[in-house]
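Input: a single structure, listed below in structure tokens.
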Amino acid sequence: MKIKKICKKYKVKLVINDDPNLAKEVSADGCHLGQNDMNIQKARKIIRKKIIGITCHNSKKLIRQAVKDGANYIAIGAFFKSKTKKVNYIAKPSLISWAKRFTKLPVVIIGGITKKNFKNLLLHKPDFLAISGGIWDKKPAKAIREFL
């Protein structure tokens, strides 16, 4: 609930990872589902018209399925190895461009993104970057400024 208050103060959406029931319980703006989480149809019954994002790894097939199933955004990656999470799939930057041509849904990119490697990914025009280790491995405020 503290995080929800911070999000509201800064007008930022609160999207809960992996857990539509928790998203409903805290009245979050939505949830993000990985490929091993609840399917989107069940999640939609729980959180109704709220945001649902789907992890699509490096797969055009998963992107097509997420769009067909009614996702509100797709997440693709990892693009690089990461200390934050074990990386099983490496996506090529060209997948970002393909996804942008295939769908009008927002495209989120994730996975090992740092200040040293993000600029090439931006050339493919993702809508959002999800950065974890690239910020939390250092002092967060300093790390965020380095991306600007």
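The values are calculated or read from the model by the stated rules, or taken from the named source; none is laboratory data. Remember, predicted model here, so these are calculated numbers, not experimental data. Please note: Cβ atoms are built from the backbone with ideal geometry, for glycine as well, and neighbour counts cover all protein chains shown.
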Note to self: Looking only at the range 24-43, filter to residues that are under 16 Å from Ala71 (Cα atoms) and of a type in the set (A, V, I, L, M); which one of those is surrounded by the fewest Cβ atoms within 10 Å (Cβ to Cβ)?
What the structure shows: Met38
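To keep it simple, each residue is scored yes or no on (1) in contact with a Leu (Cβ under 8 Å, 6 or more places away or on another chain); (2) part of a loop (DSSP other than H, G, I, E, B).
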position	(1), (2)
Lys68	no, no
Ala71	yes, yes
Ile90	no, yes
Leu95	no, no
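Could you tell me whether the range 62-71 includes any residue that is small (Gly, Ala, Ser), at pLDDT 95 or above and in contact with a strand residue (DSSP E or B) (Cβ under 7 Å, 6 or more places away or on another chain)? Give the derivation first.
Taking the range 62-71 as the starting set, the residues that turn out to be small (Gly, Ala, Ser) are 66, 70-71.
Adding the requirement that they be at pLDDT 95 or above leaves 66, 70-71.
Then drop every residue that is not in contact with a strand residue (DSSP E or B) (Cβ under 7 Å, 6 or more places away or on another chain), which leaves 66, 71.
Checked against the condition, which is being small (Gly, Ala, Ser), at pLDDT 95 or above and in contact with a strand residue (DSSP E or B) (Cβ under 7 Å, 6 or more places away or on another chain), the range 62-71 yields at least one hit.
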Notebook entry, point to check: So how many residues does the range 33-66 have that are assigned by TED's automatic domain parsing to the domain that holds Pro20 and in a helix (DSSP H, G or I)?
Noted result: 8
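Do the conditions hold for Ala75, that is, is it of a type in the set (Gly, Ala, Ser), under 16 Å from Thr55 (Cβ atoms) and part of a strand (DSSP E or B)? Break it down into steps so the answer makes sense when it comes.
Values: of a type in the set (Gly, Ala, Ser): yes; under 16 Å from Thr55 (Cβ atoms): yes; part of a strand (DSSP E or B): yes.
Yes.
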Next item on the list: Find all pairs meeting these conditions: Cβ atoms under 7 angstrom apart; at least six residues apart or on different chains; first residue within the range 88-117 and farther than 19 Å from Gly134 by Cβ and without any contact (Cβ under 8 Å) to a residue 40 or more places away in the chain; second residue surrounded by fewer than 21 Cβ atoms within 10 Å (Cβ to Cβ) and among the charged types (D, E, K, R).
Entry: Trp98/Lys60; Lys100/Lys125; Pro106/Asp127
Notebook entry, point to check: Residue check, Asn120 against (1) buried (at least 17 other Cβ atoms within 10 Å of the Cβ); (2) not in a loop (DSSP other than H, G, I, E, B), all met but one. Which one?
Noted result: (1)
Item checked: Selection from the range 6-17 of residues that are part of a loop (DSSP other than H, G, I, E, B) and surrounded by fewer than 16 Cβ atoms within 10 Å (Cβ to Cβ) -> Tyr10, Lys11, Val12, Lys13
Note to self: With the structure loaded, tell me whether Ser94 is under 17 Å from Leu122 (Cα atoms) and surrounded by fewer than 17 Cβ atoms within 10 Å (Cβ to Cβ) or whether it fails that test.
What the structure shows: yes
Note to self: Looking at the range 99-106, can you tell me whether even one residue there is more than 30 Å from Val26 (Cβ to Cβ) and either surrounded by 20 or more Cβ atoms within 10 Å (Cβ to Cβ) or touching a helix residue (DSSP H, G or I) at 6+ places or on another chain (Cβ under 9 Å) (or both)?
What the structure shows: yes
Check: Phe80 passes all but one of (1) among the hydrophobic types (A, V, I, L, M, F, W, C); (2) touching a strand residue (DSSP E or B) at 6+ places or on another chain (Cβ under 7 Å); (3) buried (at least 17 other Cβ atoms within 10 Å of the Cβ); which number fails?
Finding: (2)
Next item on the list: Spot the failing condition for Ala28; the list is (1) within 23 Å of Ile135 (Cβ to Cβ); (2) assigned to a loop (DSSP other than H, G, I, E, B); (3) free of Cβ contacts under 8 Å to residues at least 24 places away in the same chain; (4) over 15 Å from the mean Cα position of the chain (by Cα), and only one is missed.
Entry: (3)
